[in-house]
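Everything below concerns the one structure shown next.
Computed from the coordinates by the stated procedures, all read-outs in this text should not be read as laboratory data. Note that the structure is a prediction, hence the values are computed from the model and not measured. Every residue, glycine as well, gets a Cβ built from its backbone with ideal geometry; the counts of neighbours run over all protein chains shown.
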Amino acid sequence: MSDTHKRIHNSEEMYKKNVIVVPKPVVALPGDCLAKVYDMFYKGESMDTSSWATYLARAVENRVGNTGLAFLINSNGMMNLSCWDQYVSPADGHTNITLKNRIFTFDEKDIEGSFKEGDIRAEGAYCQHELAIVNHERKAMINYAKSIILNKHSLTNWLDDVYIGEIPY
């Protein structure tokens with residue numbers, strides 16, 4: 001068995017559990033940014049996230065997107081803040097909607113003492129379970145962008161369009 005296969009095989013138990021996704025109330029972040037919030041945990045487990053929003057607001061002094069819309073995934077001592085942004089291609093001048101994200105890590109028993117920004121290059125952008133939420137949010141952003149183009153702009157529809165349920169392994 002190759003080293004890659006061994007590493008994946010060693011994490012097999014983790015992937016035998018379904019992941020539960022629970023949307024939370026939208027939070028306002030500094031810089032006039034609204035973020036949809038998701039708690040993600042393994043079925044049969046729970047987490048106390050009552051105080052993390054305070055630390056996130058303190059940590060995110062300058063958001064990383066310019067649209068004012070974001071989503072946040074909180075799971076297993078990590079918080080992934082993904083902000084929608086616009087990027088103008090220097091090659092052809094087209095504007096593309098992109099995601100910029102930041103990772104925050106913390107110990108759930110000591111959020112205040114352990115909350116810090118992580119490095120996406122070292123920790124990765126998203127785990128395989130988070131990609132279900134990212135895909136849902138991609139579709140929600142496409143629908144929102146289409147509504148703007150059609151002059152039927154509805155921020156409420158975007159805010160209400162959340163992923164709910166289990167992510168099977």
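Quick notes on this structure:
- Of the residues making up the stretch 66-119, those that are of a type in the set (Val, Ile, Thr) and either outside any strand (DSSP E or B) or surrounded by 11 or more Cβ atoms within 10 Å (Cβ to Cβ) (or both) are Thr67, Ile73, Ile97, Thr98, Ile103, Thr105, Ile111.
- Which numbered condition Glu130 fails, given (1) surrounded by 12 or more Cβ atoms within 10 Å (Cβ to Cβ); (2) over 11 Å from the mean Cα position of the chain (by Cα): (2)
- Scanning the stretch 133-161 for residues that are surrounded by fewer than 17 Cβ atoms within 10 Å (Cβ to Cβ), part of a helix (DSSP H, G or I) and of a type in the set (D, E, K, R) yields a total of 4.
- With respect to being of a type outside the set (A, V, I, L, M) and over 23 Å from Lys24 (Cβ atoms), Asp107 falls outside the description.
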